[in-house]
Amino acid sequence: TSAQIGVTGLAVMGRNLARNFARNGYTVAVHNRTASRTKALVEEFGGEGDFIKAETAEEFVAALERPRRLVIMVKAGEPTDAVIQEFAPLLEPGDMIIDGGNAHFADTRRRERALREQGIHFVGMGVSGGEEGALHGPSIMPGGPTASYDSLGPMLEKISAKAKDGAPCVTHVGPDGAGHFVKMVHNGIEYADMQLIGEAYQLLRDVAGYSPAEIAEIFRIWNQGRLDSYLIEITAEVLSHVDASTGKPFVDVVVDQAEQKGTGRWTVQIALDLGVPVSGIAEAVFARSLSGHAGLREASRELAGPQAVPLGKEEAAAFADRVEQALYASKIVSYTQGFHEIAAGSEEYGWDIDLGAVSSIWRGGCIIRAAFLDRIRAAYDARADLPSLLSDETFAREIADAQDDWREVVIAAVRQGVPTPGFAAALAYYDGLRAERLPAALTQGQRDFFGAHTYRRVDREGAFHTLWGGDRSEASA
Ligand code: NDP
């Protein structure tokens, strides 16, 4: 017998993805650099479906039906190149290599170009949902040649998560690096969501005076409303968890230094290159790096702060409602920024990404899955060329309703010295877009003053320069 699909790289993600294919009735060839992992997988889970164990690359390739579909699930970066170099010479034109790791989309573009010359279809495929998702149904973001999706798509649709309306959480995102790009921005938005939730928690604790267990209850209630999402749900779980060895809230015994693997940072780096303001995502990445500077934080502990004024019981409850508004409004802004980045990437690289389809496949399986994504899809359904999520009537109205509370929350945070870079940056973005006039006019004047960089006028076409060092008359540039 031969396998319809093969998976090489059998750490947590690859193993679970292979099991997911097998549980859905596919015969799966499995391979790993270290053969013991392959053996362990088949010994432990062989009963779940049809696996073909391959020890060598040659055996692995020989086990696959043609055209071959070979999924790579190894560490992103050089290991992925090493594995491609190992397998590509064994493949034939028409075969498909699918990279399910967290590759940088620029690497995916490079690999796709190189393999295309050999006639091999290279599919850079973003996978979200962690190890549970990989096993029970992830959100899948494949890029690569459209033709490859004809044969691969139905298999992915089978193993993917399903949204509440039953739609599979997978779509052909676009050519070459489009899938990995969208996965990258997904992770950037995930960083922003987590930061905003963290700020809400900190405010409820330090300003409203609630305990972690009480905050868990608040999050549980929020999870029944418009904030209904996986991240809010697990936040309640984490906050209500009590450490067994000390009896303290779990959140109080964890070192408060957040780690990162890089996809959030990439989202911001690429946004800088594309000139897209993703301030909320950037603040989330910076907040993690600030938390990690233990020495700097220790040295700064004595810096002056405001006198904290705890709230009374009723005030605290009212404040919690405001925080929900601030969190929701800030969340709209992060998604607005993330989708802007996807639109800009799509434009830059000619990917023609369907933003509505992207929001649709994030509705299930992935870390940012949320009821909210249905509304984003509805916004793009209503108008595919929506210039910004904030231009959608529903979102605009919701933000309008939230803005007074949102501002109050940021004011309270500033007054009480609780850092809320996410809430504040989102609000500044909103006000920046709304502003009739921005101080950018002054910036242009300064640039013209020191560098003769010229400026445009509101009342006439053309570029102008003022003779700042002379009689200050204006010249056409
Ligand atoms: P790791 O990223 O820890 O990678 C381990 C796997 O890579 C092992 O199978 C290992 O083989 C293999 N490997 C490493 N270097 C080489 C090499 N030079 N040649 C051949 N094989 C090599 O595993 P994960 O399962 O966590 O992740 C797999 C991919 O999926 C990564 O790209 C990751 O970023 C991505 N991903 C992970 C998610 C997660 O939640 N963990 C979520 C979404 C994507 P060996 O056993 O021989 O060491």
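The values are calculated or read from the model by the stated rules, or taken from the named source; none is laboratory data. What you see is a predicted model, and the numbers here were worked out from it, not measured in a lab. Positions of Cβ are backbone-derived with ideal geometry, glycine not excepted, and every protein chain shown enters the neighbour counts.
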Within region 148-174, the residues that are aliphatic (A, V, I, L, M) and in contact with a strand residue (DSSP E or B) (Cβ under 7 Å, 6 or more places away or on another chain) are Leu152, Met155, Leu156, Ala161, Val170, Val173
Give me the pairs, please: first residue somewhere in region 186-206 and farther than 30 Å from Ile270 by Cα, second residue anywhere and buried (at least 24 other Cβ atoms within 10 Å of the Cβ), beta-carbon distance under 6 Å, and either six or more positions apart or on two chains.
Leu203/Val323; Leu204/Ile215
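With respect to Glu348, is the statement that it is surrounded by fewer than 19 Cβ atoms within 10 Å (Cβ to Cβ), at pLDDT 95 or above and under 25 Å from the mean Cα position of the chain (by Cα) true?
For Glu348, the condition - surrounded by fewer than 19 Cβ atoms within 10 Å (Cβ to Cβ), at pLDDT 95 or above and under 25 Å from the mean Cα position of the chain (by Cα) - is met.
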So Gly129, is it touching a Lys or Arg at 6+ places or on another chain (Cβ under 9 Å) and under 30 Å from Arg363 (Cβ atoms):
yes
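Each row is one residue, and each column tells you yes or no for (1) in contact with a Gly (Cβ under 6 Å, 6 or more places away or on another chain); (2) without any contact (Cβ under 8 Å) to a residue 12 or more places away in the chain; (3) more than 17 Å from Ala370 (Cβ to Cβ).
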| site | (1), (2), (3) |
| --- | --- |
| Phe219 | no, no, no |
| Trp222 | no, no, no |
| Asp228 | no, no, no |
| Ile234 | no, yes, no |
| His241 | no, yes, yes |
| Ala244 | no, yes, yes |
| Gly247 | no, yes, yes |
| Val251 | no, no, yes |
| Asp256 | no, no, yes |
Count of residues meeting criterion [touching a strand residue (DSSP E or B) at 6+ places or on another chain (Cβ under 7 Å) and either more than 17 Å from Pro142 (Cα to Cα) or assigned to a helix (DSSP H, G or I) (or both)] in region 69-79
0
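Yes or no: region 82-97 includes at least one residue that is without any contact (Cβ under 8 Å) to a residue 24 or more places away in the chain and of a type in the set (Val, Ile, Thr).
Within region 82-97, not a single residue is without any contact (Cβ under 8 Å) to a residue 24 or more places away in the chain and of a type in the set (Val, Ile, Thr).
Quick grid of which residues meet (1) out of contact with any Gly (no Cβ under 9 Å at 6 or more places or on another chain); (2) surrounded by fewer than 24 Cβ atoms within 10 Å (Cβ to Cβ):
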| position | (1), (2) |
| --- | --- |
| Gly6 | yes, no |
| Gly9 | no, no |
| Val12 | no, yes |
| Ala18 | no, no |
| Arg23 | no, yes |
| Tyr26 | no, yes |
| Ala29 | no, no |
| Ser36 | yes, yes |
| Gly49 | no, yes |
Residues located in region 1-14, provided they are in contact with a Ser or Thr (Cβ under 8 Å, 6 or more places away or on another chain) and within 11 Å of the ligand (Cβ to nearest atom)
Leu10, Gly14
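Answer with yes or no whether Ala343 is crowded, with 16+ Cβ neighbours inside 10 Å, at pLDDT 95 or above, among the aliphatic types (A, V, I, L, M) and assigned to a helix (DSSP H, G or I).
It is true that Ala343 is crowded, with 16+ Cβ neighbours inside 10 Å, at pLDDT 95 or above, among the aliphatic types (A, V, I, L, M) and assigned to a helix (DSSP H, G or I).
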Hey, does region 268-279 have a residue that's without any contact (Cβ under 8 Å) to a residue 12 or more places away in the chain and hydrophobic (A, V, I, L, M, F, W, C)?
yes
Determine if region 173-183 includes at least one residue that is among the charged types (D, E, K, R) and within 16 Å of the ligand (Cβ to nearest atom).
yes
Residue tally, condition of a type in the set (Lys, Arg), more than 14 Å from the ligand (Cβ to nearest atom) and free of Cβ contacts under 8 Å to residues at least 40 places away in the same chain, over region 109-150:
2
Which one of Ala326, Ala244, Ala308 is of a type in the set (A, V, I, L, M) and either surrounded by 14 or more Cβ atoms within 10 Å (Cβ to Cβ) or touching an Asp or Glu at 6+ places or on another chain (Cβ under 6 Å) (or both)?
Ala326
Which numbered condition Gly292 fails, given (1) closer than 19 Å to Val418 by Cα; (2) touching a residue at least 60 places away in the same chain (Cβ under 8 Å)
(2)
From the residues in region 363-418 that are surrounded by fewer than 17 Cβ atoms within 10 Å (Cβ to Cβ) and outside any helix (DSSP H, G or I), which one is farthest from the chain's Cα centre (by Cα)?
Gly417
Answer from Leu17, Leu64, Leu41 - the residue that is more than 12 Å from the ligand (Cβ to nearest atom) and out of contact with any Phe, Trp or Tyr (no Cβ under 6 Å at 6 or more places or on another chain):
Leu64
Which pairs turn up if I take residues in region 449-477 that are at positive phi and surrounded by 11 or more Cβ atoms within 10 Å (Cβ to Cβ) and look for partners that are among the aliphatic types (A, V, I, L, M) and not in a loop (DSSP other than H, G, I, E, B) with beta carbon separation below 8 Å, at least 6 apart in sequence or on another chain?
Thr454/Ala463
Those residues of region 80-97 which are under 20 Å from Pro142 (Cβ atoms) and within 12 Å of the ligand (Cβ to nearest atom) amount to Thr80, Asp81, Val83, Ile84, Phe87
